[in-house]
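Values quoted throughout were computed directly from the atomic coordinates according to the rules given, and no laboratory measurement underlies them. None of the values given here were measured: they were computed from a predicted structure. Cβ atoms come from the backbone with ideal geometry, glycine included; neighbour counts cover every protein chain shown.
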Amino acid sequence: MPEPLTILTSLPAPMLRDNIDTDQIIPSREMKSTGKTGLADGLFAGQRYTEIGGREPRPDFVLNHPKYADTQILLSGQNFGCGSSREHAVWALAEYGICAIIAESFAPIFAGNCVRNGVLPAALARADIATIAEAEAPVTIDLSAQTIALPDGRRWAFDIGAEAKAMLLEGLDAIDLTLKNANDIAIWQKADREARPWIYLGDGT
């Protein structure tokens, strides 16, 4: 299960480009297993390292800058996470330590993958993201209040669906979210079994 996300404060790393696709986030050559671990080193490998397949850091890549070494927040542009639906992209971000992405917009499948894996996709206007990047200061994300704030008091609200918010706040995946209604489901199944017993023939009960 993902870790619950409530309040997060971090210096955000600016990657202010549009259409950062999942193959940039985790190139296919870096996907050597079907598991969720062992992917952090491959995050942005095509831009993070000096050569394909190597691990020599490029000094001009934002995540290689010492001040962003422990960042938990990325800033970006339109259509972040576009391209293929590979969930490995979010797994790599989460394993690296990214807990939230603030972008102008997200590819819908990618945004869903983020929520299911405990990463917040928060959409803000381009001008607001630029303001945050220019501040070069830590931001605080309050998921309960749905706000993003700078230390000087400037604050922005973001929208997120109630289901996604609950999953992130409580550290739930989709199955866990469904099981919160286990009692109601059991009551419905009992009533349905009594109303339509023929549906349940052969189910072992």
*Quick one: Kirkwood hydrodynamic radius for the chain, alpha-carbon pairs, angstrom, one decimal?*
18.5
_Net charge contributed by nearby residues that have their C-beta within less than 14 Å of Gly81 (K/R +1, D/E -1)_ = -2
*Value at 222 nm in deg cm²/dmol, rounded to 500, when DSSP H runs of n ≥ 4 in the chain each add -39,500 (n - 2.57)*: -8500 deg cm²/dmol
*Evaluate the relative contact order of region 87-163 (contact order divided by residue number), counting alpha-carbon pairs under 8 angstrom at least 6 apart; express in whole percent.*
23
*Check the straight Cα-Cα distances from Lys165 and name the lysines below 26 Å, setting aside those fewer than 8 residues away within the same chain.*
Lys36, Lys180
_Can you pull out the trypsin sites (Lys or Arg not before Pro) in region 1-106 whose DSSP state is coil and whose Cβ has at most 14 other Cβ atoms within 10 Å?_
Arg17, Lys32, Lys36, Arg55
*If you place +1 on the Cβ of every Lys and Arg and -1 on the Cβ of every Asp and Glu, how big does the dipole about the Cα centre of the chain come out, in debye to the nearest 20?*
180
_Farthest toward positive dipole pole in the chain [+1 Lys/Arg, -1 Asp/Glu at C-beta], among Ala157, Ala145, Pro108_ = Pro108
